[in-house]
Amino acid sequence: MAEDVKEASTSQLSTGYSAAKQEEYNIYLKKITSLFHQKIAKKMDSSAKLTDFERRTILGTGAYGVVYLVKHIGAENYYAMKALEKAKIVKLKQIEHTYNEKTILCGLDFPFVVHMKYFFKDNVYIYFVMPFIGGGEMFFHLRNESKFNENYAKFYASQVLLALEYLHACSLVYRDLKPENILIDRVGYTKLTDFGFCKFLHGRTWTLCGTPEYLAPEIILSKGYGTTVDWWSFGVLIYEMCAGYPPFFASEPMKVYEKIVTGKYRNPAHFSPALIDLLSHTLVLDVTRRFGNLKNGMLDFKNHKWFSEINWDHIFNGRTPAPFVPKTDSPGDTQQFDLYDTEKIKECSFCMFEKEFKDF
Ligand SMILES: Nc1ncnc2c1ncn2[C@@H]1O[C@H](COP(=O)(O)OP(=O)(O)OP(=O)(O)O)[C@@H](O)[C@H]1O
Ligand SMILES: [Mg+2]
């Protein structure tokens, strides 16, 4: 594939989204990113506590804790409550990542990303409470359908692109794009969740983090990297949505990495020429030739032939009808989630790791 990239023609370009439109959108982005920074500087206030919520079921589990569906007792609204165990965060050296996650979630305000509603801590855990996104993980739907047709995939990809564009404008690199972290809301639009690896980017960064199949080659090769890693993962995501499996996979992470750094992957026979072309500009080893990182910025994606049916303004405003609306019967309905056994919230008579989480 790397060879093909050099020859990539410009015949897959359309010009639906003009430079002037992008300029206008950039002005808007500037406004909302300055709001993001203001919200962070102001420090969100939260006096919520565990007893304000009634715990229902477990929506997800991770290395540091669990995510519960909860109902706010007074307001009757449903939320997703991520409970992170302080001891695990400390043991796995994730204190800084957790601070980042909290700060970032408090500042976010964009249609295609989740945001913080409340946060608090107790002796054992720290808690993030976000609006409950009821349509389930993209992962759940992708597994059920085995793959998405390209129209579904481009509808989802368009929102993920706008979300990444917003995050990058906020000086953030996301670093954990994958179908498990993309939620579908009750009208069928996507929201990115899990800001556990998201961080403020000042220049380059070096940390190896993310999910093996989605890691960009420059992370694996321990080169300093920036937001280009998210565009690589974006290519992996588009490929996985359309193929039903990721472009680089193997039984062990080491073997996955070996494949990624070669940059070679195969396109299934059913991929359209436009999709193949888009991937060849996204899954490209050389970051100086990767879409998202070139002089035309987002226009390379927004005007690519594969996205030609996308009306970017309509997507942003939620005016494009979703190709698939997950079935939900009520606001707290979890039929679109794989549920887990409930876990008891641990208690402790003293405050664990008080010093480490003092500013939380
Ligand atoms: N706002 C939300 N609404 C509905 N479900 C959510 C929400 N946030 C998270 N979830 C569910 O919980 C799962 C786990 O959440 P998340 O990805 O934030 O944690 P994690 O993967 O355990 O985090 P980490 O990678 O930091 O350990 C998600 O994949 C999703 O299924
Ligand atoms: Mg996750």
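When the residues of the stretch 162-195 are narrowed to those that are assigned to a helix (DSSP H, G or I) and more than 25 Å from Pro323 (Cα to Cα), which ends up nearest to ligand 1 (Cβ to nearest atom)?
Leu167
Considering Asp341, Asp313, Asp286, which residue is more than 20 Å from Tyr265 (Cβ to Cβ), at pLDDT 95 or above and away from ligand 2 (no atom under 16 Å from the Cβ)?
Asp313
Could you pull out the residue among Arg290, Arg319 that is of a type in the set (Lys, Arg) and over 23 Å from Glu24 (Cβ atoms)?
Checking each option against the conditions leaves just Arg290.
With the structure loaded, tell me whether Ala322 is of a type in the set (A, V, I, L, M) and surrounded by fewer than 14 Cβ atoms within 10 Å (Cβ to Cβ) or whether it fails that test.
no
Could you say which residue among Phe316, Phe291, Phe353 is on the phi > 0 side of the Ramachandran plot and aromatic (Phe, Trp, Tyr)?
Phe353
Is it true that Pro246 is modelled with pLDDT of 95 or more, out of contact with any strand residue (DSSP E or B) (no Cβ under 7 Å at 6 or more places or on another chain) and surrounded by fewer than 18 Cβ atoms within 10 Å (Cβ to Cβ)?
Judged against the criteria, Pro246 is not a match.
Consider Met298 against the criteria (1) touching a Phe, Trp or Tyr at 6+ places or on another chain (Cβ under 8 Å); (2) outside the structural domain of Arg55 (by TED's automatic domain parsing); (3) of a type outside the set (Asp, Glu): it satisfies all of them except one. Which criterion is unmet?
(1)
Look through Ile219, Ile182 and report the one residue that is buried (at least 22 other Cβ atoms within 10 Å of the Cβ), closer than 19 Å to Phe301 by Cβ and not aromatic (Phe, Trp, Tyr).
Among Ile219, Ile182, only Ile182 is buried (at least 22 other Cβ atoms within 10 Å of the Cβ), closer than 19 Å to Phe301 by Cβ and not aromatic (Phe, Trp, Tyr).
Specify the residue that is nearest to ligand 2 (Cβ to nearest atom); the eligible residues are those in the stretch 45-67 that are within 19 Å of the chain's Cα centre (by Cα) and buried (at least 17 other Cβ atoms within 10 Å of the Cβ).
So the residue we want is Gly60.
Among the listed residues Ile126, Ile133, identify the single one that is within 16 Å of ligand 1 (Cβ to nearest atom), over 14 Å from the mean Cα position of the chain (by Cα) and farther than 22 Å from Ala216 by Cβ.
Result: Ile126 is the single residue among Ile126, Ile133 that is within 16 Å of ligand 1 (Cβ to nearest atom), over 14 Å from the mean Cα position of the chain (by Cα) and farther than 22 Å from Ala216 by Cβ.
Going through Leu183, Leu237, Leu192, Leu275 one at a time, which residue ends up being touching a Ser or Thr at 6+ places or on another chain (Cβ under 9 Å) and at pLDDT 95 or above?
From the options Leu183, Leu237, Leu192, Leu275, the qualifying one is Leu183.
Taking only the stretch 175-218 into account, find how many residues are within 16 Å of ligand 2 (Cβ to nearest atom), touching a strand residue (DSSP E or B) at 6+ places or on another chain (Cβ under 7 Å) and of a type outside the set (Lys, Arg).
Looking only at that region, the number is 10.
Go through the stretch 136-161 and give me each residue that's more than 13 Å from ligand 1 (Cβ to nearest atom), closer than 20 Å to Pro247 by Cβ and surrounded by fewer than 21 Cβ atoms within 10 Å (Cβ to Cβ).
If the condition is that a residue be more than 13 Å from ligand 1 (Cβ to nearest atom), closer than 20 Å to Pro247 by Cβ and surrounded by fewer than 21 Cβ atoms within 10 Å (Cβ to Cβ), then Glu145, Ser146, Lys147, Asn149, Glu150, Tyr152 are the ones that fit.
Considering only the stretch 196-212, state which residues are in contact with a Pro (Cβ under 6 Å, 6 or more places away or on another chain) and away from ligand 1 (no atom under 15 Å from the Cβ).
Within the stretch 196-212, no residue meets the criteria.
Please name all residue pairs, on different chains or six or more residues apart, with Cβ atoms under 9 Å, provided the first residue is in the stretch 144-166 and is among the β-branched types (Val, Ile, Thr) and the second residue is assigned to a helix (DSSP H, G or I).
Close Cβ pairs (under 9 Å, with a partner that is assigned to a helix (DSSP H, G or I)) amount to Val160/Phe234; Val160/Leu237; Val160/Ile238.
So Phe128 ticks every box in (1) at positive phi; (2) not assigned by TED's automatic domain parsing to the domain that holds Ile27 but one. Which box is left unticked?
(1)
The values are calculated or read from the model by the stated rules, or taken from the named source; none is laboratory data. What you see is a predicted model, and the numbers here were worked out from it, not measured in a lab. Glycine gets a Cβ as well: all are built from the backbone with ideal geometry, and neighbour counts include every protein chain shown.
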